Amino acid sequence: MSGELLYEGKAKRVYGSDQDDAVVMEFKDDATAFNGEKRGQIAQKGVINRALTTRIYRYLEEHRIPTHVLAEIDDRRLLVRRLEMIGLEVVVRNRVAGSLCQRTGLEEGTGLQSPIVEFYFKNDRLGDPLLNDDHILALNLADESTIHDLRALALRVNRVLTPFLFERDLILVDFKLEFGRFQGQLMLGDEISPDTCRLWDRVSLNKLDKDRFRRDLGDVEEAYQEVWRRVQR
């Protein structure tokens, strides 16, 4: 089904398909951190992330959250809708971690009274900087209505996904989403996986995500496999 290579990013390749309104998304084993400064590979990451994204997106669709996933092709490839992507990364935070520790001085793992939604400019050259609503409007990345809808849809994903993962002994600390439009409808694109989420074991608080790669904690492949084992339940 794959046609011409349209785009290659850090974790995925996108190919044309035999459908004008769909593309093929292939998941790679490549791993990067710190805006590409650290590079490596995680064995079978592409296979696991493809399976996790399919499982989670199907669950979100059951809860009336539209996604771009159409069909599984093989263990690394999905057929997805060809979205007109919005140039923003939308991050939802339930606990303090990562850059939020650095910006606030709060201890890692501190619970938040309510989820925080942040927007980042999807621009590798600039290091994907944090933006406020005024910045987004000035850059013409989205209008006020779209900003409102992005925030609302991201919080809906959080409300659905947090208990789903908690039932599987996983704490959803924070996660990144990307959105686009298909025939005018706003829907979830990209992926949801340990590459794009911070996931901690509910009891031990052991990290089961890409932070194991970022921080050289070891057992990276095992952490990804454990997340997949739990999410399959």
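The values are calculated or read from the model by the stated rules, or taken from the named source; none is laboratory data. Please read all numbers here as calculations on a predicted model, not as lab measurements. Using ideal geometry, Cβ is built from the backbone for each residue, glycine included, and neighbour counts are taken over all protein chains shown.
Which of the residues belonging to the range 202-231 are of a type in the set (Val, Ile, Thr) and surrounded by fewer than 16 Cβ atoms within 10 Å (Cβ to Cβ)? Before you say what the answer is, go through the steps one by one.
As a first pass, look at the range 202-231 and keep what is of a type in the set (Val, Ile, Thr): 203, 220, 227, 231.
Hit for the range 202-231 is Val203, nothing else.
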(message) For the structure I just gave you, tell me whether Val117 is among the aliphatic types (A, V, I, L, M), out of contact with any helix residue (DSSP H, G or I) (no Cβ under 6 Å at 6 or more places or on another chain), surrounded by 15 or more Cβ atoms within 10 Å (Cβ to Cβ) and in the same structural domain as Val92 (by TED's automatic domain parsing).
(response) no
(request) Considering each of Arg39, Arg13, Arg58, Arg64 in turn, give the residue that is of a type in the set (D, E, K, R), assigned to a strand (DSSP E or B) and modelled with pLDDT of 95 or more. (result) Arg13
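Of the residues that make up the range 224-233, is at least one at pLDDT below 95 and either farther than 26 Å from Arg77 by Cβ or not assigned by TED's automatic domain parsing to the domain that holds Phe34 (or both)? Before the answer, list the steps.
First, the residues of the range 224-233 that are at pLDDT below 95: 232-233.
Narrowing the set further to residues that are either farther than 26 Å from Arg77 by Cβ or not assigned by TED's automatic domain parsing to the domain that holds Phe34 (or both) leaves 232-233.
Yes - at least one qualifying residue is present in the range 224-233.
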(request) Select, from Leu130, Leu137, the only residue that is more than 30 Å from Arg230 (Cα to Cα) and touching a strand residue (DSSP E or B) at 6+ places or on another chain (Cβ under 6 Å). (result) Leu130
(message) What's the total number of residues in the range 190-213 that are more than 15 Å from Ile56 (Cα to Cα) and either free of Cβ contacts under 8 Å to residues at least 24 places away in the same chain or in contact with a Lys or Arg (Cβ under 7 Å, 6 or more places away or on another chain) (or both)?
(response) 7
(message) I'd like to know if the range 149-171 contains one or more residues that are surrounded by fewer than 21 Cβ atoms within 10 Å (Cβ to Cβ) and assigned to a strand (DSSP E or B).
(response) yes
(request) Working only within the range 17-27, note down all residues that are modelled with pLDDT of 95 or more and out of contact with any strand residue (DSSP E or B) (no Cβ under 6 Å at 6 or more places or on another chain). (result) Asp21
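With respect to Leu52, is the statement that it is crowded, with 19+ Cβ neighbours inside 10 Å, assigned by TED's automatic domain parsing to the domain that holds Ala154 and not hydroxyl-bearing (Ser, Thr, Tyr) true?
Working: crowded, with 19+ Cβ neighbours inside 10 Å: yes; assigned by TED's automatic domain parsing to the domain that holds Ala154: no; not hydroxyl-bearing (Ser, Thr, Tyr): yes.
No.
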(message) All but one of (1) surrounded by fewer than 18 Cβ atoms within 10 Å (Cβ to Cβ); (2) free of Cβ contacts under 8 Å to residues at least 60 places away in the same chain hold for Leu131; state the number of the condition that does not hold.
(response) (1)
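Kindly evaluate Leu141 against the criterion of being not in a loop (DSSP other than H, G, I, E, B) and not polar (S, T, N, Q). First the steps, then the outcome.
Values: not in a loop (DSSP other than H, G, I, E, B): no; not polar (S, T, N, Q): yes.
So Leu141 fails the test.
To keep it simple, each residue is scored yes or no on (1) surrounded by 14 or more Cβ atoms within 10 Å (Cβ to Cβ); (2) in contact (Cβ under 8 Å) with a residue 24 or more places away in the chain.
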| position | (1), (2) |
| --- | --- |
| Asp74 | no, no |
| Leu78 | yes, yes |
| Val90 | yes, yes |
| Glu107 | no, no |
| Thr110 | no, no |
| Gln113 | no, no |
| Phe121 | yes, yes |
| Gly127 | no, yes |
(message) For the structure I just gave you, tell me whether Ala97 is buried (at least 16 other Cβ atoms within 10 Å of the Cβ) and closer than 28 Å to Ser17 by Cβ.
(response) no
